[in-house]
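Inspection log for the structure reproduced underneath, given as structure tokens.
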Amino acid sequence: MNRKNIIVIGNGMVGYKFCERLFNKDTKKQFKIITFCEERRPAYDRVRLSAYFEGKTAEDLSMASIDWYKERNIDLYLEDKIISIDRVNKTVTSSKGKTLSFDKIVMATGSSPFVPPVPGIDKAGVFVYRTIDDLEDIIAYAKKCKTCVVIGGGLLGLEAAKAAQELGLKTDVVEFASRLMPRQVDDAGGEMLKRLIEAQGMTVNLNKNTKNIVGDVSVTGMKFADDSVINTEMIIISAGIRPRDELAKACGVTVGSRGGVLVNSSLKTSDDNIYAIGECVVYGDMIYGLVAPGFIMADAVVEQLTGNSAATFTGADMSTKLKLMGTDVASFGDIEPQDIPCKDIVLNNPHTGVYKKLLISEDGNRLLGGVLVGDAAEYGTLLQIYQNKMQLPADPMSLILPRNDDAESGIGIGDLPNTAHICSCENVTKGDVLDAIENQNCDSISAIKSYTKAGTGCGGCVPMLTDLYQYKMAQDGIEVSKALCEHFALSREEMYQVVRATGINTFADLIAQHGKGTGCEICKPTAASIFASVFNEHILSHAPLQDSNDAFLANIQQDGTYSVIPGIPGGEITPDMLMVIAQVGKDFDLYTKITGGQRIDLLGARLDQLPAIWNILINAGFKSGHAYGKSLRTVKSCVGSTWCRYGVQDSTSLAIELEIRYRGLRSPHKIKGAVSGCTRECAEAQCKDFGVIATEKGWNLYVCGNGGIKPRHADLLASDIDKDTLIKYIDIFLMYYIKTADRLQRTANWMMKLPGGLDHLKAVVIDDSLAINTELEAQMQHVVDTYECEWTSTLNDPEKLKRFKHFINSDDQDETVQFTRDREQIRPLQHSEKGLRDV
Amino acid sequence: MNKEWINVGAVVNFAKDLGSCVKVNGLQIAVFNLPKNNQWYAVQNLCPHDKRMVLSRGIIGDKEGEPKVTCPLHKNSFSLKNGKHVSEGDVDDITTYPVKVKDGDVFLEVSV
Ligand SMILES: Cc1cc2nc3c(=O)[nH]c(=O)nc-3n(C[C@H](O)[C@H](O)[C@H](O)COP(=O)(O)OP(=O)(O)OC[C@H]3O[C@@H](n4cnc5c(N)ncnc54)[C@H](O)[C@@H]3O)c2cc1C
Ligand code: SF4
Ligand code: FES
């Protein structure tokens, strides 16, 4: 049978999704898929484009590899653009001169950034923000700049501004309208958003109409209609999008009056053989500049081609949530009162920087829309209520009031109808998920993910998916498995208890008696960490169980080299010891940097160099800093009463004492501590796992704080206690955490899940409510008494040293590790810089 | 292309339950010694995910009974038997090499 040629023009997010869906649905193999892409990379995740600034590579963002297309027999032409369509003879021609015949065409040409036609816009230093190439250009140019202006204060503009700021540029946002995100938030919301953005260090300029761009060859500034001027060295334009309809126009396919390839609800253009989907489309006067509607369109066309002629597209929801780090903004439905009578409920708290507004129907039964700024945690629930036209609770205000954790919210996942969308990227409903659990034997989140594809797009729905799964399990009376992995039915806490109770101290015994199979990357390091917490044996006596970091007593870096961090308790170091570090850095040509924990990081050490480096450090009196382990990292300190004119206690001495006490302590995740000499808190103790702040009368102990991804202020566990009590409390607190936490659970997260929360913890630590404190203290004392520096003992053991070699049959070094220099120090070569050979 | 068995060293050089990296005709190959059932496996040392020479430093385990190695960098897992990528996501498979032990030495079969 002759297959029909489907030519997909544009391999962006939507074009790719179309290929994937058609391939999966086309079980009769009726179609040959051919796709052309103007860009030099196959489709990548444009939605997460800004992640490129956080170090994601083009490969990380890629939707599928080139092999993916090959394996599916999909012809992919990269860097080749379709330049004409001959609709009479049914052929397309590409810029590289390829002419192919087609049965159907699917246009997925996306859109291009709108560049306002102001004089000077073509100067060097003006950029758009759409493709990976754009971002690479921006990054390269930004190296020479200190300032940047982003034109456009919409969704993308703010994302671009944040990125510019992360590149170290002083960033201004310029918006034509009188508020930020004019299409998504109302005036008051825009005002709050402006404050939040400015609090992050950017400047917001509203009501600004650009007159011209100033500068000779390159940009030096911008001039506005009100004659004001902003000086800047670069400009990023994010002033809206224009659908790419030039190809449609050129071949006589009808386009909308304001641009866009015009389609009907079957997504057919004026030519029956040509479909259009995604951002290039105009349907019902609307351009859908979001990815989810594009995916729905792709689905509808796939359905039609594979026999379901009834499948149509009749519009899609344009609710959005801004994914700016540190700023929550979301909106859905109507944001301002429309024709029908309605009421609004507003919560505006300038103090906490939160603004929330709900628009509800006159009778108070239906949610018509809403705006959330500063805290969008309820977005998922509200969106569901809105989309499914659900009955509102008697007091809708309860939906947006700040909640304490125990209080039940008005509406839970169980109340949602089966038609409720859980994952909008993949168009998966609550009913689909329940069906996967009930009828398709999906018995875990990952099984549901791979069966329904929910949560595999932007991932934003995973928390809701998890809630739904747990809700369903609880309803069916099934206990959700806390099993560590396929080899152990035990949770980490249970494994810890088994090890303590039985004294089993080898993985072979543990898995033989309490598990099955041979283990994996999850249970092996967990067991190793538990053995270390309980018995405190040398970490390398369990080498086969360790993550690479513990196996080589150093933290592995992205290029396979390691970092070396000697311990510097409390951050106190003599000039002589500093010179030792400096000499090592110089002799081994390592990249040297001060860490946030008041010590010094030496990066770029090859495996075979580690013993020599540590030999020098240990001989000079350093000890391992355990920077590689899930263990105590540092106890940071300020200079305290010894030097500081405000200090009330000697914070440095205490920090040193604590760091030496707990160094090497293995735990479910890393632990950080700090001691400040007075309430001015220069050591930032309240964002640490344990933090101590000096008072006139003694010490205040704070626990379970965190910086990192999800900052959390520590809770005050005890005040004005003396040093012995303080150490006793920390001993108990840490051991209780080690005993009960899940693997890779930091204390902050552990606390949030701890039944009874802070009150419970206080009762355990202070009142010994579980009557286990003598035991916990004894365990801690055992760890303290048996401390040995892991590097010192490794250097004394030729057997252990054997593994510090790249090749066991040659003294050669790994030639794929290559460096270049930035600011006089080494850094790894990126792949793009070294023309990698295949193996 | 011709294939040949190449001696990569004595059995005792290969740590038990761990991976070791050997250099054979310019190739980096990760060799795994699993003494429990007297099993040996060899795969490319390059992790295809971020193209780093690190697989010999990964943790060994099994997925539903199938032996696997997990990359130390981002935890992608690969079958030691056939090189298939067996964890979540879309990452390429890896090459495996036949291994045999003869007279106390380990041999790999590679193209020459
Ligand atoms: C920084 C940024 C952040 C975003 N954030 C979000 C978000 O949070 N949520 C959201 O829903 N959406 C977001 N979007 C929008 C989202 O990326 C788009 O809706 C989506 O990419 C549209 O997919 P598409 O396939 O229609 O177009 P595109 O992804 O633009 O793909 C079109 C492709 O076709 C190519 N092409 C064009 N003409 C031709 C031709 N003649 N021949 C061959 N190839 C051609 C183009 O070069 C392009 O590669 C964001 C966009 C950007 C730029
Ligand atoms: S915390 Fe107090 S004692 Fe310590 S440096 Fe700051 S002001 Fe001084
Ligand atoms: S390099 Fe191996 S998993 Fe990323």
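Close amide H contacts of A:Asp45 (hydrogens built in the peptide plane, cut-off under 5 Å, sequence separation of 5 or more or a different chain): A:Ser62, A:Met63. Too long at a 29 Å Cα-Cα cut-off: which of A:Lys453/B:Lys75; A:Lys162/A:Lys356; A:Lys593/A:Lys623; A:Lys29/B:Lys81; A:Lys482/B:Lys68; A:Lys56/A:Lys81? Check vs 29 Å cut-off fails for A:Lys29/B:Lys81. Treating r as the C-beta distance of A:His782 and A:Ala199 and R0 as 56 Å, the FRET efficiency rounds to 0.70.
Within the accessible surface of the stretch A:115-239, defined with a 1.4 Å probe on protein heavy atoms only, the carbon and sulfur portion equals 52 percent. Normalised by residue count, the stretch B:3-111 yields a Cα convex hull volume of 91 Å³ per residue. Projected onto its three principal axes, the C-alpha set of the stretch A:50-127 covers 43, 35, 19 Å, listed from the longest axis down. Globularity index of the protein assembly as shown is 1.02 (Cα radius of gyration / 2.2 N^0.38 Å, N = number of residues).
Once the C-beta distance of A:Asp334 and A:Leu401 is scaled by a Förster radius of 22 Å, the resulting FRET efficiency is 0.50 to the nearest 0.05. Taken across both chains, chains B and A shield about 3500 Å² of accessible surface from a 1.4 Å probe. Take the protein assembly as shown with all the other protein chains still there, run a 1.4 Å probe, and you get 44 Å² of accessible area per residue.
Secondary structure note: in the stretch A:115-239, about 30% of the DSSP beta bridges are antiparallel. Dividing the convex hull volume of the alpha-carbon atoms in the stretch A:532-571 by its residue count gives 99 Å³ per residue. With all protein chains in place and a 1.4 Å probe, the accessible surface of the stretch A:752-834 carries 49 percent carbon and sulfur.
Were the residues from A:Ile139 through A:Asp80 laid out at 0.36 nm apart, the gain over their Cα-Cα distance would be 18.7 nm.
For the stretch A:115-239, the spread of Cα coordinates along the three principal axes comes to 40, 30, 23 Å, biggest extent given first.
Phi-derived couplings, Karplus 6.51 cos²θ - 1.76 cosθ + 1.60 at θ = phi - 60°, listed residue by residue for the stretch A:667-679: 8, x, 8, 5, 10, 10, x, 7, 9, 10, x, 6, 5 Hz, with x used for Gly and Pro. Close amide H pairs (under 5 Å, H built 1.01 Å from N) link A:Ile600 with A:Thr595, residues at least 5 positions away or on another chain.
Counting pairs of alpha carbon atoms under 8 Å apart in space and at least six apart in sequence, what relative contact order in percent does the stretch B:3-111 give? About 27 percent, as a whole number.
Farthest towards the positive end of the charge dipole of chain A, among the residues A:Ala420, A:Ser84, A:Val433, is the Cα of A:Ser84, using unit charges on the Cβ of Lys, Arg, Asp and Glu. Other residues with beta-carbon under 11 Å from the beta-carbon of A:Ser541 carry, at +1 per Lys or Arg and -1 per Asp or Glu, a net charge of -3. Ellipsoid semi-axes for the stretch A:632-785, based on the Cα gyration tensor and the rule √(5λ), read 23, 16, 15 Å when sorted largest first. Pop the C-beta distance of A:Leu100 and A:Arg500 into the FRET formula with R0 = 60 Å and round what comes out to the nearest 0.05. For A:Leu100 and A:Arg500, the calculated efficiency is 0.30. For chain A, the relative contact order comes to 6 percent (Cα pairs under 8 Å, sequence separation of at least 6). Over chain A, DSSP H runs of length four or greater, each weighted -39,500 (n - 2.57), average out per residue to a 222 nm ellipticity of -9000 deg cm²/dmol.
Here the Karplus curve 6.51 cos²θ - 1.76 cosθ + 1.60, taken at θ = phi - 60°, turns the phi angles of the stretch A:554-563 into couplings of 7, 8, 6, 9, 4, 9, x, 8, 10, 9 Hz, with x standing for Gly and Pro.
When the solvent-accessible area of the stretch A:598-736 is split by element, carbon and sulfur atoms take up 49 percent of it, the probe being 1.4 Å. Sorting the segments A:253-259, A:621-627 by their residues' average number of neighbouring beta-carbon atoms within 10 angstrom, most packed first, yields A:621-627, A:253-259. Remark: the stretch A:384-391, residue by residue, has Karplus-estimated 3J(HN,Hα) of 4, 4, 5, 5, 9, 6, 7, 5 Hz, where x stands for each Gly or Pro and the curve is 6.51 cos²θ - 1.76 cosθ + 1.60 at θ = phi - 60°.
Across the stretch A:115-239, C-alpha contacts under 8 Å between residues 6 or more apart give a mean separation that, scaled by the residue count, equals a relative contact order of 36 percent. Charging the Cβ of each Asp and Glu at -1 and of each Lys and Arg at +1, and nothing else, the dipole of the protein assembly as shown about its Cα centre rounds to 1780 debye.
The values are calculated or read from the model by the stated rules, or taken from the named source; none is laboratory data. Nothing here was measured: the structure is a model prediction, and the numbers come from that model. In this analysis, Cβ positions are derived from the backbone assuming ideal geometry, glycine residues included, and neighbour counts consider all displayed protein chains. Note: areas computed on protein heavy atoms with side chains; ligands, DNA, RNA excluded. Shrake-Rupley method; radii C 1.70, N 1.55, O 1.52, S 1.80 Å.
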